[in-house]
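Written out below as structure tokens is the structure these notes cover.
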Number of protein chains: 6
Amino acid sequence: MRLLVANANTTEAITHACAEAARAVAAPGTEIVAATPRFGPAVVSTRAENIVAGHAMLELLAEHAGSVDAVLLAVSHDTALDGARQMMPCPVVGMTEAACLTACMLGGRFGLITFGGVEQYRELMARYGLDSRLADIVAVNASPPEAVADPDSVGTKVLAAAKALAAEGANAVVLAGAALAGFDNRLQAAAPVPLLDGMACGVRMAEMLVALRLPKPHAGSYAAPVGRMTGGISPALAALLRGNL
Amino acid sequence: MRLLVANANTTEAITHACAEAARAVAAPGTEIVAATPRFGPAVVSTRAENIVAGHAMLELLAEHAGSVDAVLLAVSHDTALDGARQMMPCPVVGMTEAACLTACMLGGRFGLITFGGVEQYRELMARYGLDSRLADIVAVNASPPEAVADPDSVGTKVLAAAKALAAEGANAVVLAGAALAGFDNRLQAAAPVPLLDGMACGVRMAEMLVALRLPKPHAGSYAAPVGRMTGGISPALAALLRGNL
Amino acid sequence: MRLLVANANTTEAITHACAEAARAVAAPGTEIVAATPRFGPAVVSTRAENIVAGHAMLELLAEHAGSVDAVLLAVSHDTALDGARQMMPCPVVGMTEAACLTACMLGGRFGLITFGGVEQYRELMARYGLDSRLADIVAVNASPPEAVADPDSVGTKVLAAAKALAAEGANAVVLAGAALAGFDNRLQAAAPVPLLDGMACGVRMAEMLVALRLPKPHAGSYAAPVGRMTGGISPALAALLRGNL
Amino acid sequence: MRLLVANANTTEAITHACAEAARAVAAPGTEIVAATPRFGPAVVSTRAENIVAGHAMLELLAEHAGSVDAVLLAVSHDTALDGARQMMPCPVVGMTEAACLTACMLGGRFGLITFGGVEQYRELMARYGLDSRLADIVAVNASPPEAVADPDSVGTKVLAAAKALAAEGANAVVLAGAALAGFDNRLQAAAPVPLLDGMACGVRMAEMLVALRLPKPHAGSYAAPVGRMTGGISPALAALLRGNL
Amino acid sequence: MRLLVANANTTEAITHACAEAARAVAAPGTEIVAATPRFGPAVVSTRAENIVAGHAMLELLAEHAGSVDAVLLAVSHDTALDGARQMMPCPVVGMTEAACLTACMLGGRFGLITFGGVEQYRELMARYGLDSRLADIVAVNASPPEAVADPDSVGTKVLAAAKALAAEGANAVVLAGAALAGFDNRLQAAAPVPLLDGMACGVRMAEMLVALRLPKPHAGSYAAPVGRMTGGISPALAALLRGNL
Amino acid sequence: MRLLVANANTTEAITHACAEAARAVAAPGTEIVAATPRFGPAVVSTRAENIVAGHAMLELLAEHAGSVDAVLLAVSHDTALDGARQMMPCPVVGMTEAACLTACMLGGRFGLITFGGVEQYRELMARYGLDSRLADIVAVNASPPEAVADPDSVGTKVLAAAKALAAEGANAVVLAGAALAGFDNRLQAAAPVPLLDGMACGVRMAEMLVALRLPKPHAGSYAAPVGRMTGGISPALAALLRGNL
């Protein structure tokens, strides 16, 4: 199967890192296709950026509609997830959603660690209906560049956060954010509960959905768009909204 | 005060209708500035369209940042509301949000009538935390063109829906969707409970927020963006995300 | 329009202060009519007092039914709000409700600061269905008399509470309680997020509702009482419950 | 023990009926003291009446503070329950609360049958935090006078409602409202699930609380009022609020 | 009446202690019958143990079906409560459920103190639909043996936890766990709010349910099992599941 | 990998059917090991049976601890799921949980179809925290034997239920219950939304969890039992609870 790893940031380096991470965990028969949006935020962080990136994501996905078997949104905000699901003819998975649902299958409640954006992740959990499964969210006092420059120091903070979340009742901890990629492997041995990486969970969930060969709904708010007219957007996206796959 | 009535659809006729509706209810000192996005769906309806329209809305708002005192999102999905609030230096109100909060001030629970998109409105109510104030949502079996062509027949259906919602416990009914504009005045006399129009409530709420002279938050997820780098988007929007108002 | 500012405390000084605060924020055409109940607690604070004050409030409102265009309950417990709404022929707004709904229009979650009564405010938020919009409630360790005697010292505590709430995710902070009136103006410049005063929000919300010219519901639990027989209560209140406006 | 059965209606006949019902179910050592408020609604039904009756209830209870071992609020709205609990030196039970908590001990969800006021009972269940235990509320299309005049016909409707609630998942059905008293015995044999009468459950719960000899809280929002000053209310109530028991 | 106090642990000493506690609080006419399961955990603590103990509990109860008037599950996890209720011809009460519902009748929110198992109790509260009535759960840093060996020291910790819960808004505190039995009497005088013991509340609630003479439901998920075939379980339990009481 | 498909019913024919269904969907490298409990209900249906089957399930799993890579609970009640997860050294998945979490990844809300037990499934969804993702549960008026004897007729009813759920907003429908196995393939072509079979989803989710190589938690309520003493249970289960894997 061909799995599109769709970055929401326009920073190519992140796309490459995500693709690499995806390839590291993918099943043998899974081909990773990575892509970067044509426009939008360098790194999606704030509310407004996430909205701009939503359009960029849909434009990007439309280029691949019909040529991939599944999509993984490689952005911890799961940008444009519901619209992507409605529009695309194949399964679409969000990396944070995938990690949280994986956490659910480990039982009890889970925690979530970020480098910021606590309120936005809280809202995301509420949108997924997972509030009651969420023990807490901890924002580690560090920045993505620091995570690259001094992973030991940042790792110490992340581990402390994971331990604090476990003490609050979390039975697993989701590491949310591309900058936390790899910290699951680095810290797992010392962590009291499983650490979940969105890329790993997302790739496996996408493979799982493809294996199930579920059809696209023909009714309801996730049925494919038909006859929706637009102006000023990319030809591929416009065609998909008109229903011309 | 200058109030930007920002349509999310690229159909100019809807912008004109919204502007007219806004002017009809605005206070004497309120100047209505209406605007149409440069790109996007002709009429926002499905999930994917709403995401595309979100970017178009932010681009549109960025053109007016600093030159208007408040913004009313003239689209029943309240498209891009949280991002617009974060990004803009002035109050931003969603028309459906405004109608629902007005309904709250009438006491008890409210109902909502649409021409479709029940699940999307249900999710919107949940995002606003208003699930427990919502009695029910009814999708009237009619289309926007029918509402224009045969308002008597459609009005009969809307009135029946309002009565059914009142019987379910709704103490007010929100008419969601531009195509339902004007039906509040047409049907109110025969309706058992108040009918709330989003444009009317939205204009008044925007005036109210301006009158309160509340500052922009300096912290948290609604603080103005600073230093966010982007590519391929409109200069005004890019500047606003960088923090150059 | 004539706006009744109805105190729930029998302390005239509070009524005067509320009236003054209301006049300071009211629109040009709004005439403030202030009133004090005939009986009840000097200052409503505990659960039992709030119930006694509820009757006193309805008796007070009944005196003004038909002669005012709207009512603002000038008491942070929003005493008797649902009964007042049912009984009165005009809009009725609670000052804390108004501030909380205003906070909703700023996006995200809000905090609430009081001089006590945390559990009662928590229950009020739950009754309004706003639990998920509430970040937290902080009781400042100070009394109303201290707020008058040493506003600098109390202001320092209130500001610290507002900063703590913002750090917990609050995008706005409601100052609940008459004794906190004026602290919004005093502290806003130093606060990270907007501070909301119930009198200011309440006056503006009442004006907004009057401007919308919404009818009274004819059905449901907020329809005006008809034929309800009573004994031993004030003639005006008895008449209103019988349906003789 | 002495149990005060406190009616919230000023109709003496209801007080007598309640007292009789209480005596029929009370344990041998329980003396029933019945009382009627001095003022207020003949029959509490609407929101405004319930507020007026709240004050009347507290005035009534204050007359008995110290001379009874427990109080049962003999009104299906559980009028003034939280204030009565705070103010009185003994346990206070609401008849509908008692029936609902009894229903909880039968397992699963329960239904509620009334002669009206569905929204008010829905709010009451929410205030008790029992929403998730409530299967549904059914308003039987009959009036209290009809229940007296034609109990067979009304009983048929109540039984149908009970069966409908059981089919919706209710494992027990609460009969809410004095006018439904006695229908539990009349209909139980034909009902698929237990029918719960508030007076019976309330008397037994009050006895149970007295048997447990729990102290009054010294802290928090249910601690007895101390030093609360009032004007224009009954001497006994004023004394109790001042803390002079 | 005959009340079966059914231990879920196979430790006879706990059964004796529970029986003694039950007798100390029971009404004059209540005969306490205590019983220990034939197999299972010595002391139920973890999730897996609670499941094994569930079967042991049902086997134990089946031995007494028809010969007791009510059952009290003498285990703070309320092990097998829903199955026991469905299967037994008489009322079944869980000791923690009974304490929590008693707490509800004191008004406001309650706290819960344990020696561990916070997540399991949190889930229990959620299953009872009592999340919104729960202020918090505190795990005292002590073990059951320590509670026996050094009750003064452990009592100091429990009292501190009770004070902390009251400060968080709890109007009553449930002591969950057999090892906390007796601490209510020991600490009540110094505690700011009522301390509730599950055995005391449970015995009284069981007496209350018997007094109400409620029938067994004939429909729904709590109707007695009929015709359910099993293999390899005790004859009494098998007979009860077949419907041969 | 070796996947234990653990039936909770003692009916061998169901075990064989489940094993066959699992093999039909398993990935090439997945070896299906099917097992039947030594004791318990022939077919788990009621609350009491589910508790007895919980113990039987744990006894069964203990026999395989260490010799399988994952467990799939092949029973639509997900019997003993939390205890199995705590006790076993490998991932454990419930078939209904797996189908519901798969449904979540399709977006929006899902429906659930059963042959009975609506209240028990409703409680299961609440325990999973998925209430807000559940559109509704429909009990098809048919029995498992009818499903075998007349699949066309029963299929017509199931399809009607699926269409009704889609009309209520479900974007996917979970078929809960072994007797509904195979109806997904039979009816999918005619259904408006994806039909999800618990065995298929469960096998794939179990494979996914094994692929992620997540460690067992060392802390919290899902850490493996250590030193838990029991009596009268199977040696393998006793050993596992003592911590002797």
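General observations
- Charge context of residue C:189, other residues only, Cβ under 14 angstrom, K/R +1, D/E -1: +3
- Principal-axis tilt of helix D:47-64 within chain D, Cα atoms, nearest 10 degrees: 50 degrees
- Global form of chain E, assessed from the alpha-carbon gyration tensor, a/c cut-off 1.5: prolate
- Against chain D, whose longest principal axis is taken from its Cα atoms, helix D:198-212 shows a tilt of about 50°.
- Residue mean of other protein chain beta carbons inside 10 Å, B:36-42: 4
- Calculated mean residue ellipticity, 222 nm, chain B: -13500 deg cm²/dmol, from DSSP H runs (n ≥ 4) at -39500 (n - 2.57) each, averaged per residue and rounded to 500.
- Sparse-neighbour loop sites [trypsin sites (Lys or Arg not before Pro); segment E:1-92; at most 14 other C-beta within 10 Å; DSSP]: E:38
- Average other protein chain Cβ within 10 Å of Cβ, residues C:166-179: 2
- Phi to ³J(HN,Hα) by Karplus 6.51 cos²θ - 1.76 cosθ + 1.60 over segment F:77-89, Hz, x for Gly, Pro: 7, 6, 3, 6, 4, 5, x, 5, 5, 5, 7, 7, x
- Residue of F:134, F:214, F:58 that the Gaussian network model of chain F assigns the largest fluctuation, springs spanning Cα pairs under 10 Å: F:214
- Distance in nm between pseudo-label sites at residue C:219 and residue F:189 (7 Å out along the Cβ direction from Cα): 4.7 nm
- Take each residue in E:118-125, count the other chain C-beta atoms within 10 Å of its C-beta, and the mean is 4.
- Between segment B:68-92 and segment C:41-66, the C-alpha centres lie 39 angstrom from each other.
- Annotation: lysines with alpha-carbon distance below 30 angstrom to residue A:157 (same-chain offsets under eight excluded): C:163, F:216.
- Residues with amide H under 5 Å from that of residue A:171, placed H, sequence gap 5 or more: A:109, A:110, A:111
- Loop-located trypsin sites (Lys or Arg not before Pro) across segment A:200-241 with a Cβ neighbour count of 15 or fewer within 10 Å are A:213, with loop assigned by DSSP.
- Shape category assigned to segment B:106-197 from the gyration tensor of Cα positions, a/c cut at 1.5: oblate
- Helix axis angle, A:12-25 relative to chain A longest principal axis, alpha carbon, degrees: 80 degrees
- If R0 is taken as 51 Å, the Cβ-Cβ distance between residue A:141 and residue E:67 corresponds to a FRET efficiency of 0.20.
- Net charge of Cβ neighbours under 15 Å - reference residue B:138; Lys, Arg +1; Asp, Glu -1: 0
- With Cα atoms defining each centre, segment C:168-195 and segment D:118-190 are spaced 46 Å apart in the structure.
- Taking a Cβ cut-off of under 10 Å around residue A:228, the surrounding Lys, Arg, Asp and Glu residues balance to a net charge of 0, with basic ones at +1 and acidic ones at -1.
- Legend: P(r) of the protein assembly as shown from all alpha carbon pair distances, 10 Å bins from 0, whole percents, reading 1, 8, 16, 21, 22, 18, 10, 3, 0.
Values in this text are rule-based calculations from the coordinates and carry no lab data. Source: prediction; values computed, not measured. Please note: Cβ atoms are built from the backbone with ideal geometry, for glycine as well, and neighbour counts cover all protein chains shown.
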